[in-house]
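Have a look at the structure below before the remarks.
The values are calculated or read from the model by the stated rules, or taken from the named source; none is laboratory data. Worth saying up front: this structure is predicted, and the values here are computed from it rather than measured. Cβ atoms come from the backbone with ideal geometry, glycine included; neighbour counts cover every protein chain shown.
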């Protein structure tokens, strides 16, 4: 796939990834390193707290990024960088065995005033499980080179 | 440390964690799983793109969560859950060998209208490196049980 530039993105574009299944072992491994709260690392304790083990929201975000980077619809020219998120929500938890897929919608595309060779693409990320429950929703921006640069 | 309840948090409280050093190996390991872009996984390619390897912003977020959970100032009663972020930014990148510490400020504490036994604490997370550069800044809310519940 050729590199993408700012000019390749347009508001209203929608992309959807294949699903990725997350295991109990991976949920625990991630949380032991980064978010070792009982509902993320201890299946027995999690029964009382959240009706069973749930993934750290940061793991859900990392899995969303995996879907974004590997889905085949995002291949920007080198130098593209995430700037941050305007909002990030976890409406439903991710549980062992869930199959997550990403739905991405381009919300806006604008040249950068500060960096004439680049522009900013703002996307809505919606991560869904196999029941179409939304497990993550965020609006996030990335800086991408212009083709003319 | 005893469990914390909503009544234990007050706007203006500030907490700071000890630092945690992140290695090149850990940066690459995280990114190979979740965010395998050249500037996160390939030190040679990263030289041209970002002047050397930089951590995935989602790794920086996960390391921030590690500091939050293990610093000793956050030990809520079981059932506390992150609701999401109002904003999340990565003003400067994290590089191998950086020592990250978290500065947390409680912005607001309010009872929940929907869940009478709980309330919402909104915090500003600021993650700093050894040079006091800000590598992550976010405003994020968590639901926490009331003591009277």
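Residue B:128 passes all but one of (1) over 14 Å from the mean Cα position of the chain (by Cα); (2) more than 25 Å from residue A:60 (Cβ to Cβ); (3) modelled with pLDDT of 95 or more; which number fails?
The failed condition is (1).
Scan the stretch B:31-40 and tell me whether some residue there is without any contact (Cβ under 8 Å) to a residue 60 or more places away in the chain and closer than 30 Å to residue B:76 by Cα.
Looking through the stretch B:31-40, at least one residue is without any contact (Cβ under 8 Å) to a residue 60 or more places away in the chain and closer than 30 Å to residue B:76 by Cα.
Determine which single condition residue A:106 fails, assuming it passes every other condition in (1) at pLDDT 95 or above; (2) within 20 Å of residue B:37 (Cβ to Cβ); (3) under 13 Å from the mean Cα position of the chain (by Cα).
Of (1) at pLDDT 95 or above; (2) within 20 Å of residue B:37 (Cβ to Cβ); (3) under 13 Å from the mean Cα position of the chain (by Cα), only one is false for residue A:106: (3).
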